[in-house]
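Student: The structure's right below; bear with me while I get my questions together.
The values are calculated or read from the model by the stated rules, or taken from the named source; none is laboratory data. No experiment lies behind these values; they were computed from the predicted model shown. Here the Cβ positions follow ideal geometry from the backbone for every residue, glycine too, while neighbour counts run over all protein chains shown. Please note that ligands, DNA and RNA were not included when accessible areas were found on the heavy atoms of the full protein model with its side chains. Shrake-Rupley method; radii C 1.70, N 1.55, O 1.52, S 1.80 Å.
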Amino acid sequence: NNGLSGQLMSEISELNAIEILDLSDNDIKGLIPPEIGELGNLTHLRLSFNSFRDTIPSELSNLHHLKLLHLHGNRLWGEMPNLNTSSFVTRSSFISDCGIPTEFYIALNCSECTICCNSNGDCQSTEPNSLEKVKLKGFDDFVDFIPVFAALLVGFSFIVGIASSLHDRYWKNSSPSSETEDHVFVKDKKYALYSIGVDSVYSFIFSKYKIAQAFAVFVGAFQVWALFFFVSAAVKDFNDEKSDFVYSWKCPRNSLECSDESDLQWQGWVIFSILMAAHLLKDIINGVKLLLFCGKRRHHFSSKIRYFWGGLFLTWISAFALYASVVYNYAIARSITDIIANAVII
């Protein structure tokens with residue numbers, strides 16, 4: 001901060017030997033002069049925290065030796081020119097106002113920036129977090145992975161049901177029972193209802209009335225639909241105003257480096273795991289028990305189908321709630337209290 005004001009003139013191009021140009025944290029207005037692109041020896045260019053406006057000149061692409069470029073804290077919009085980013089080796093080397101919210105209709109588009117800041121002064125690294133790094137290749141975000149997640153769960157359910165059927169048919173020693181068929185049927189139905197929850201609306205899956213079954217499916221579909229919004233809002237998209245992703249980085253005016261200010265520690269994830277186990281583990285286990293239960297030889301085919309769908313239904317709802325909770329907390333939880341509140345709400 002040198003208390004500079006006014007505009008940056010085209011005569012800046014006469015400083016053709018300069019390597020470091022730091023005009024950050026002043027009150028310089030107007031356009032960034034395209035003549036800056038003639039400073040071929042520049043390695044560090046800091047124009048951050050000024051009042052530059054309009055688009056970024058394409059002539060910046062002529063600066064082939066840049067190692068650091070800070071443009072955040074201005075009123076810039078449009079497309080970032082194609083720059084030689086091979087020299088941007090640090091996380092704080094390429095920063096612009098490419099985040100949301102923005103004061104413009106569309107945020108500055110910068111696909112190569114290492115950090116994006118928004119109009120609130122909050123910033124975020126564009127590097128994938130630990131959860132994003134484990135995503136399977138070929139998927140842009142967590143929403144795209146949902147069909148695969150569902151397919152894996154359905155495949156798991158079929159494997160469990162088939163394995164249970166094979167075990168009951170070929171490996172389990174069956175002994176004669178004195179119970180009547182009607183008594184066994186009532187006993188099995190009670191077991192299934194207990195597993196899915198006697199007071200749960202999902203118990204309507206086992207009803208003989210189609211309208212009750214349809215209502216259970218409707219409630220389950222509604223819950224999945226609601227959870228989908230959490231997964232969709234968790235996507236780190238620097239151009240999507242619908243994203244709930246919380247920026248946790250700060251780029252101080254008096255520093256070349258940015259830092260992650262998140263207070264979320266490992267203890268928060270331990271508490272989150274305990275809460276998830278308390279809320280969802282029982283339902284997942286009971287869902288798997290129903291999948292195992294559908295493989296029993298004594299069941300009629302129609303009963304096997306109902307028990308299978310009941311197990312799949314319960315397992316899917318619980319597993320998807322866990323999936324939504326994990327990805328949403330990675331997106332917005334920045335403290336231990338954040339992750340506790342989000343876990344309970346979702």
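Student: Where Lys and Arg each count +1 and Asp and Glu each count -1, what net charge lies around Ser243 among other residues with Cβ under 9 Å from its Cβ?
Tutor: -2
Student: Could I ask something else about it? Expected output is a single nm value to one decimal: the length gained when fully extending between Lys210 and His279, i.e. 0.36 nm times separation in residues minus the C-alpha distance. What is it? Working shown, then result.
Tutor: Numbers: separation 69, 0.36 × 69 = 24.84 nm, distance 2.93 nm.
Gain on stretching Lys210 to His279: 21.9 nm.
Student: Return the calculated 222 nm mean residue ellipticity for the chain, to the nearest 500 deg cm²/dmol, obtained by summing -39500 (n - 2.57) across DSSP H runs with n ≥ 4 and dividing by the residue count.
Tutor: Using -39500 (n - 2.57) per qualifying helix, the result is -12500 deg cm²/dmol.
Student: For the chain, what relative contact order do you get, as a whole percent, if you take Cα pairs closer than 8 Å and at least 6 residues apart?
Tutor: After rounding, I find 13 percent.
Student: Also, I was wondering about something else. Which whole-number percent gives the relative contact order of the stretch 1-44, counting Cα pairs below 8 Å spaced six or more residues apart?
Tutor: 53
Student: Averaged per residue, what accessible area in Å² does the chain show with a 1.4 Å probe, protein chains only?
Tutor: It amounts to 55 Å² per residue over the chain.
Student: Sticking with this one: Give the angle, between 0 and 90 degrees and rounded to the nearest 10, that separates the Cα long axis of helix 282-293 from the longest principal axis of the Cα atoms of the chain.
Tutor: Value to nearest ten degrees: 50.
Student: Related question: Excluding Leu264 itself, what net charge comes from residues whose Cβ is under 11 Å from its Cβ, given Lys and Arg +1 and Asp and Glu -1?
Tutor: Overall, the nearby charge balance is -3.
Student: Estimate the FRET efficiency between Trp266 and Phe156 by the formula 1/(1 + (r/R0)^6), using the beta-carbon distance for r and 22 Å for R0, to the nearest 0.05.
Tutor: 0.15
Student: Separate question: Hey, got a sec? Which chymotrypsin sites (Phe, Trp or Tyr not before Pro) in the stretch 69-150 land in a DSSP loop and have at most 12 other Cβ atoms within 10 Å?
Tutor: Those satisfying the criteria are Tyr105.
Student: Report the extension gain between Ile18 and Leu131 in nm, rounded to one decimal, defined as 0.36 nm multiplied by the number of residues separating them, less their alpha carbon distance. Show your work: numbers first, answer last.
Tutor: Numbers: separation 113, 0.36 × 113 = 40.68 nm, distance 4.21 nm.
Length difference between fully extended and current span is 36.5 nm.
Student: Moving on. In the neighborhood of Glu38, defined by Cβ-to-Cβ distances under 12 Å, what is the net charge if each Lys or Arg adds +1 and each Asp or Glu adds -1?
Tutor: Net charge around Glu38: -4.
Student: So, one more: Hey, which aspartates and glutamates would be in cross-link range of Lys289, C-alpha to C-alpha under 16 Å, not counting anything within fewer than 8 residues on its own chain?
Tutor: Straight-line reach from Lys289, under 16 Å: Asp168, Asp188.
Student: Out of the total accessible area of the stretch 1-106 (probe 1.4 Å, heavy atoms of protein only), what percent is carbon and sulfur?
Tutor: Values: 2530 of 5230 Å².
Ligands and nucleic acids excluded, carbon and sulfur give 48 percent.
Student: Between 0 and 90 degrees, rounded to the nearest ten: what's the tilt of helix 336-345 against the longest Cα principal axis of the chain?
Tutor: Between helix and principal axis, roughly 40 degrees.
Student: Here is a further query. Carbon and sulfur together cover what percent of the accessible area of the stretch 288-346 at a 1.4 Å probe radius?
Tutor: Solvent-exposed carbon and sulfur of the stretch 288-346 make up 69 percent of the total.
Student: Over the stretch 1-118, what relative contact order in percent results from Cα pairs under 8 Å that are six or more residues apart?
Tutor: After rounding, I find 19 percent.
Student: While we're on this one: With r defined as the distance between the Cβ atoms of Glu11 and Phe139 and R0 fixed at 51 Å, what FRET efficiency is calculated, to the nearest 0.05?
Tutor: Given R0 = 51 Å and the Cβ-Cβ separation, E is 0.50.
Student: List, largest first, the extents of the alpha carbons of the chain along their principal axes, each in whole Å.
Tutor: 101, 37, 34
Student: Return one number: the angle in degrees, 0 to 90 and rounded to the nearest 10, between the long axis of the Cα atoms of helix 266-276 and the longest principal axis of the Cα atoms of the chain.
Tutor: In the chain, helix 266-276 runs at an angle near 30 degrees to the longest axis.
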